[in-house]
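The values are calculated or read from the model by the stated rules, or taken from the named source; none is laboratory data. Being a predicted model, the structure only gives us computed values, none of them experimental. Methodologically, a virtual Cβ is constructed for each residue, glycine included, from the backbone with ideal geometry; neighbour enumeration extends over all protein chains shown. Side chains are part of the model used for accessible areas, which takes the heavy atoms of the whole protein and leaves out ligands, DNA and RNA. Shrake-Rupley method; radii C 1.70, N 1.55, O 1.52, S 1.80 Å.
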Amino acid sequence: MSTRPTEQEFIRDEFDSVLRGRFFYAPSFDIYGGVSGLYDYGPALCSLQANVVDAWKKHFILEEDMLEVDCTALTPAEVLKTSGHVDKFSDWMCKDPQTGEIFRADHLVEEVLEARLKGDKEARGIAHLSLEEENEDKKKRKKKVKEIKAIKLEDHVVTEIEEILAKIDNYGGKELGEIIEKYEITNPATNGKLEPPCEFNLMFETQIGPSGNLKGYLRPETAQGHFLNFNKLLDCNNSRMPFASASIGKSFRNEISPRAGLLRVREFLMAEIEHYVDPDNKKHHRFDEVADVVITALPKNVQEQGSTQTQQISIGEAVKIGMIENETLGYFIGRIALFMKRIGINEKRMRFRQHMGNEMAHYASDCWDCELHTSYGWIECVGCADRSAYDLSVHSARTGEKLVVRENLETPVTVEAWEVDIDKKKFGPKFRKDAGKVTKFLESKTQCELESLSKELANGEIVATIDGAEFHIDNSLVKIAKVKRTEHIREYTPNVIEPSFGVGRCLYALLEHSFWTRPEDTGRKVLSFLPTIAPTKVLVVPLSSNSQFVPLTKSLTRQLRSAGISAKVDDSSATIGRRYARNDEMGTPFGLTIDFQTISDNTITLRDRDSTLQKRGAIPDVIQSLLAMTNGATWEEATTKLANFESQEIEQ
């Protein structure tokens, strides 16, 4: 967790200066002017990401015995049409017809109305920052929002706006258009009138192969690869339920107006889990391990009332009262909270917000976002959804491939089900070469669809449109009836619980939560990464350029590498304090100083980044202390064998 003093103000300019100055990241194609929403990670952020991903794999894949897959990012259009992404994976955008400028509608509404509320507070004399400071901050953040003006609003208008902001994620295009019109929201730069919101599909379209006949998309999520391989995964798990698959890979979304640096980008790393569960039994055998985990919750009913008031509640209690739909969903919400704590996220700046009805994904029956608070506000970093049986069902219906679980029943059961009985002697001559696809049309229907078709058949005939052609199927060709049968095998389509991590967003929030300035010297910035996930664990610092230190430095770094501890050497001419300060900005948790005493007795000094405390001991003892701390031990626990130390001998 961050060691930044609670009263210390976060200054994003200083934070960005450190990240860019130390090349944590930079805009892609920078020397060509860059492309909005695309960024390159530098060495430090690459290493931090690798360590966070490794922690994720241990926390989920290893701990839960998950099956890892790595599926292609290039996806045929037919797959994403079936999954619903072609029709429904969209955001609402507004266009200024005069300038051609594009705005994401909900973001524009949110930013403009927030600015008006701040102007109202300034007019009432209760603003936190002066207008000059607020407007300067807006310019630095490059947000497309009007400068804040001190204009007092009517009390009822303030209440209305607060309710709109609380429910902003629940609005569709029509509601956003009405808000834009009612509150006269225009292009912030030109004051030009905007066109009504329209949908924009977020997927990148492409063609697969040279002919151009096979349309495809870059995947917007990794999940579809899991579902299409379900039968193979079930077989890998010896047909045992429940089980989970996991995947880490790049996804792509053509964001309308990328902003907020690493938080809204067009290419990003996702870590997704698909946990397959019996729809009739969503209990989890390890639920008691997370039942007492307390989260900050923002349920949907509170938001729908126009409030953002959160509450502290245990996972066990939330499932018990029905706030969280089932034990398995609750289990993974608890595991997400524990993972965030494990990598160093500030728990006081984390909440779980439940999706309201209108913002729920087309496949979800319940969904919670793990949101982390940053200088940009609350940011969704993890989604945890109950996708029901949607994905497996639609892919099965489209392909005719059964994506189901079959379990032997100890006691046979009698069930009633709708069945199709085709008179093949008449069916073939009637439909000739189309008989196969008409048969597939009928046999791929769900129980609910068969019930509807039976009613059509009772009225004379079924009219089916297949591949653009119309077919008339009368009751002399087919019968659809509900029949009783005894089953010895239960066949069902699993439901899916999906935790989905935006790795880049988690990393950005971690960077902000870890950043602080030393109170005694505001020029000294620190990134307080936990030793378990820090990009580099140790800085090796020879006290001076004395040639006697060279073999000692080489020997020490070799021993550190052999122990699996990443280390960098800084043997520059800068003062030892300056060298420490540079690496505090890189988040390096420990420093090892080689001095003249090292030559005589083979001891070194160990420095802690956050407290700047120092201890001294023999090299093997110090390395053992480092191993303990990089595996989760505290400074106090790991350095009991080392002596306190105050200063080095500068000369000899």
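Can you give the Kirkwood hydrodynamic radius of segment 472-521 from its Cα pairs, in Å with one decimal? Provide the component values of the computation, followed by the final result.
Details: mean 1/r = 0.0538 Å⁻¹.
Result for segment 472-521 stands at 18.6 Å.
With axes computed from alpha carbons, what is the tilt in degrees of helix 390-399 against the longest principal axis of the chain, rounded to the nearest 10 within 0 to 90?
On a 0 to 90 degree scale, this one is about 50.
Calculate how large, on average over all directions, the projected area of the Cα convex hull of segment 292-368 is; give the answer in nm² to one decimal.
Projected over every direction and averaged, the Cα hull of segment 292-368 covers 5.3 nm².
For a quick check of your reading of the filter: which trypsin sites (Lys or Arg not before Pro) in segment 140-247 sit in a DSSP loop and have no more than 11 other Cβ atoms within 10 Å?
Numbers: sites: LYS140, ARG141, LYS142, LYS143, LYS144, LYS146, LYS149, LYS152, LYS167, LYS174, LYS182, LYS193, LYS215, LYS232, ARG240; in loops: LYS142, LYS143, LYS144, LYS146, LYS149, LYS152, LYS167, LYS193, ARG240.
Hits after loop and neighbour filter: LYS142, ARG240.
Viscosity 0.890 mPa s, temperature 25 °C: Stokes-Einstein D of segment 64-117 from its Kirkwood Cα radius, in µm² per second?
On the way: Rh = 15.2 Å.
Diffusion coefficient, whole number: 161 µm²/s.
Please get the size of the charge dipole for the chain, origin at its Cα centre, with Cβ charges of +1 on Lys and Arg and -1 on Asp and Glu, quoted in debye to the nearest 20. Write down the numbers at each step before the final one.
Working: 85 positive and 102 negative charges, 300 e Å.
Dipole magnitude for the chain comes out near 1440 debye.
Return the sequence-ordered ³J(HN,Hα) values of segment 280-287 in whole Hz as given by the Karplus equation 6.51 cos²θ - 1.76 cosθ + 1.60 applied to θ = phi - 60°, using x for Gly and Pro.
Whole-Hz 3J(HN,Hα) from phi for segment 280-287: 8, 8, 9, 6, 10, 5, 10, 4.
Which one, HIS156, ASN358, PHE332, projects farthest toward the positive side of the charge dipole computed for the chain from Cβ point charges (K/R +1, D/E -1)?
PHE332
Can you tell me how much longer the chain between PHE204 and GLN559 gets when fully stretched, taken as 0.36 nm per residue apart minus their C-alpha distance, in nm with one decimal? Don't skip to the end; give the middle numbers.
Working: separation 355, 0.36 × 355 = 127.80 nm, distance 4.81 nm.
Here the segment from PHE204 to GLN559 would lengthen by 123.0 nm.
What percent of all Cα-Cα pairs in segment 589-652 falls in each 5 Å bin, counting up from 0?
Per 5 Å bin, starting at zero, the Cα-Cα P(r) for segment 589-652 comes out as 4, 19, 32, 25, 13, 6, 1, 0 percent.
Determine the share of the chain's accessible area contributed by carbon and sulfur atoms, expressed in whole percent, with a 1.4 angstrom probe.
Details: 15320 of 31800 Å².
Its accessible area is 48 percent carbon and sulfur atoms.
Quick one: what does P(r) look like for segment 201-335 with 5 Å bins over all Cα pairs, in whole %?
Cα pair-distance distribution for segment 201-335, in percent: 2, 8, 12, 12, 14, 16, 16, 10, 5, 3, 1, 0.
In nm², what is the average projected area of the convex hull enclosing the Cα atoms of segment 169-259? Before the final figure, lay out each step's value.
Details: hull surface 43.3 nm².
The number I arrive at for segment 169-259 is 10.8 nm².
Towards the positive end of the charge dipole of the chain, with charges on Cβ (+1 Lys, Arg; -1 Asp, Glu), say which of ALA246, THR439, PRO542 has the farthest Cα.
PRO542
Over segment 223-359, with the other protein chains present, what is the accessible area per residue in square angstrom, probe 1.4 angstrom?
Working: 5540 Å² over 137 residues.
So segment 223-359 comes to 40 Å² accessible per residue, rounded to a whole number.
If Lys and Arg each add +1 and Asp and Glu each add -1, what is the summed charge of the other residues whose beta carbon sits under 14 Å from the beta carbon of GLY617?
Summing Lys/Arg as +1 and Asp/Glu as -1 gives 0.
Per-residue accessible area for CYS236 at 1.4 Å probe radius, Å² rounded to 10?
Using a 1.4 Å probe on the heavy atoms, I get roughly 90 Å².
Please give the per residue accessible area of segment 456-563, computed with a probe of 1.4 Å over protein heavy atoms only, in Å². Could you put the intermediate results ahead of the total?
Numbers: 4640 Å² over 108 residues.
Roughly 43 Å² per residue, with all protein chains present.
Which is farthest toward the positive dipole end of segment 555-612 among SER611, SER562, LEU592, measuring Cα position about the Cα centre, with Cβ charges +1 (Lys, Arg) and -1 (Asp, Glu)?
Ranked along the dipole, the leading option is SER562.
Between Rg and the Kirkwood Rh of segment 528-652, both from Cα atoms, what is the Rg to Rh ratio? If you can, show how the numbers build up before the last one.
On the way: Rg = 13.1 Å, Rh = 14.3 Å.
Value, to two decimals: 0.92.
Within segment 1-99, which GluC sites (Glu not before Pro) sit in a loop by DSSP and count at most 13 neighbouring Cβ atoms inside 10 Å? List each step's numbers first, then the result.
Working: sites: GLU7, GLU9, GLU14, GLU63, GLU64, GLU68, GLU78; in loops: GLU7, GLU9.
Passing sites in segment 1-99 are GLU7, GLU9.
Would you report the distance distribution of C-alpha pairs in segment 531-604 as whole percents per 10 angstrom bin, up to the bin with the largest distance?
20, 53, 26, 1
Taking the Cβ of LYS215 as the center, what net charge do the other residues with Cβ under 10 Å away carry, scoring Lys and Arg +1 and Asp and Glu -1? Numbers along the way, then the final one.
Working: positive: LYS81; negative: GLU78, GLU205.
Neighbour charge sum, excluding LYS215 itself: -1.
With charges only on Cβ, +1 for K and R and -1 for D and E, what is the dipole size of segment 550-639 about its Cα centre, in debye, rounded to 20? Walk me through the numbers before you get to the answer.
Working: 11 positive and 11 negative charges, 67 e Å.
So the magnitude is around 320 debye.
Helix 549-562: angle to the longest alpha-carbon principal axis of the chain, degrees 0 to 90, nearest 10?
With both axes taken from Cα atoms, the answer is about 30 degrees.
Ratio of alpha-carbon Rg to the 2.2 N^0.38 Å globular estimate for segment 404-492, to two decimals, please. Present the calculation step by step, with values, prior to reporting the outcome.
Values: Rg = 15.1 Å, N = 89, 2.2 N^0.38 = 12.1 Å.
Cα-based Rg divided by the globular estimate yields 1.25.
Taking the Cα atoms of segment 383-427 alone, what are Rg (to one decimal) and Dmax (as a whole number) in Å?
Spelled out, the Cα radius of gyration and Dmax of segment 383-427 are 16.1, 52 Å.
Taking only the alpha carbons of segment 434-564, what extent do you get along each of the three principal axes, in Å, biggest first?
Result, largest extent first: 99, 37, 34 Å.
With N set to the residue count of segment 1-84, report its C-alpha Rg divided by 2.2 N^0.38 Å to two decimal places. Intermediate results must be reported in sequence, preceding the final value.
Working: Rg = 19.0 Å, N = 84, 2.2 N^0.38 = 11.8 Å.
With N residues counted in segment 1-84, Rg over 2.2 N^0.38 Å equals 1.60.
If you add up the charges near ALA638, with Lys and Arg at +1 and Asp and Glu at -1, over every other residue whose beta carbon is less than 11 angstrom from its beta carbon, what do you get? Could you put the intermediate results ahead of the total?
Numbers: positive: LYS615, LYS641; negative: ASP608, ASP621, GLU636, GLU637.
Within the 11 Å Cβ shell, the charges total -2.
In whole Å, how far is the Cα centre of segment 270-342 from that of segment 405-467?
40
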